[in-house]
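The values are calculated or read from the model by the stated rules, or taken from the named source; none is laboratory data. Please read all numbers here as calculations on a predicted model, not as lab measurements. Note that each Cβ is placed from the backbone with ideal geometry, even for glycine, and that neighbours are counted across all protein chains shown. Keep in mind that these areas ignore ligands, DNA and RNA; they rest on the heavy atoms of the full protein, side chains included. Shrake-Rupley method; radii C 1.70, N 1.55, O 1.52, S 1.80 Å.
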Amino acid sequence: MRDVLALFRNSIRTEEVRKKILFTIGIFVVFRLFAHIPVAGVNVASLKALFSKNQFLGLLDVFSGGTLENFSIMALGLNPYINASIILQLLTMLFPKLEELSKEGEQGRQKINQYTRLLTVPLALMQSIGMYALLKNQGIIISLTPIQLASFIATMIAGTMFLVWLGELVTARGIGNGISLLIFSGIVGRIPIVFGQTTTTISSDNIFNMISFLVMGIFVIASIVLINEATRQIPVHYARRVRGNKTTGGDTTHLPLRLNQAGVIPIIFAVSLVLVPSLLGNFLSQLKQPWIKSIALGMSNLFNPDSIFYNVVYFTLVVAFTFFYTAIIFNTKKISEEMQQHGGFIPGVRPGTSTAKYLNYVLTRITISGALFLGTIAIFPNIAKAITGINTLLLGGTGVLIVVSVVLETIKALEANLVMRNYEGFL
């Protein structure tokens with residue numbers, strides 16, 4: 001804790017880093033101001049009632065920073081951009097040209113970022129149309145003329161792209177990853193509202209449950225920090241090579257395998273799938289056919305977020321997606337080939353295929369622990385609700401993971417800025 005306070009104190013004292021911090025705070029202020037500019041023709045009271053009944057929309061509201069529940073001009077938030085980034089990551093693993101582009105340094109990253117922005121526009125278009133259809137069916141928004149509908153969709157897309165631009169400004173001129181920081185600010189900005197709703201329900205009967213919930217929350221946060229920072233260090237030796245009068249290699253380093261390689265992505269994938277049946281059931285329940293209504297009612301009851309079946313399916317999907325995404329982003333065969341090309345080897349393991357099998361064996365074992373942890377974090381809100389009986393102060397696993405991860409990344413970014421400034425002083 002003292003090291004963190006000393007880091008912030010040194011950051012404030014350093015003029016260059018202080019300017020970056022103030023710039024980031026200024027972007028936060030702009031974001032929150034635009035988040036309260038509403039879109040015309042929407043019944044906000046009915047919209048909040050819909051959000052209280054639909055957990056899928058609640059998850060989207062988390063990534064929009066609370067702008068979706070108020071239905072501001074930034075109602076879509078960064079969801080289209082996040083989806084575009086995930087799609088580009090998957091395509092990079094499938095198409096060799098994109099993979100080569102990602103290895104071209106800064107120029108390649110800029111091109112991939114440009115592709116991500118371009119892909120964000122059609123995704124935002126589809127989500128805007130879907131959001132309009134949902135709100136219209138629920139009677140929250142009135143029927144619009146073609147010109148009004150075009151204006152509505154254009155406003156949604158413009159709000160998303162403006163938010164992406166703010167995030168890129170923070171990345172270029174501020175501290176840390178701008179997109180992550182904007183999501184972080186939206187989640188943190190909602191905490192006072194949630195605490196205010198909870199304090200109005202506190203009585204002498206549930207004060208113990210409230211304390212128990214807070215203790216569990218602290219334990220979860222500490223666990224997330226521990227898991228995010230936990231790594232398995234694989235020793236790697238490099239053979240000594242003699243070229244003319246120069247000797248290279250002979251070094252010993254470590255290949256860090258993180259316990260949680262996938263981050264929060266598996267939870268996002270899993271919750272997007274597990275909530276589709278209940279969302280589909282809400283749509284089908286509005287039809288007139290009795291047999292369709294009965295099917296819709298069964299789907300809604302079976303995939304009720306409080307049911308055991310829902311939590312079992314949710315947990316299973318998170319574990320499965322953790323293995324799937326880890327296999328995509330961490331290619332053991334490619335890493336073993338690169339190590340072999342540079343003369344590297346793991347002590348006691350043959351280079352090449354044997355190294356790939358060994359890395360795959362170790363990665364599978366540590367991924368089991370990370371996947372089980374992510375699955376537990378995903379269903380923790382329902383566990384806490386069952387134990388404490390508190391409905392207003394739910395510790396969302398996705399939100400906590402994002403907050404803790406962004407804080408850790410920001411601290412590392414501050415350290416990097418201070419170290420870079422010291423290097424410049426020596427030069």
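Below is a table of values for the structure above.
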quantity	calculated
Test item: Cα-centred dipole of the stretch 252-386, Lys/Arg +1 and Asp/Glu -1 on Cβ, debye	120
25 Å Cα-Cα threshold exceeded, pairs from Lys111/Lys333; Lys103/Lys333; Lys111/Lys334	Lys111/Lys333
The stretch 69-174: GluC sites (Glu not before Pro) in DSSP loop, at most 16 other beta carbons within 10 Å	Glu104
Heavy-atom surface of the stretch 93-133, accessible at 1.4 Å and reported per residue (Å²)	67
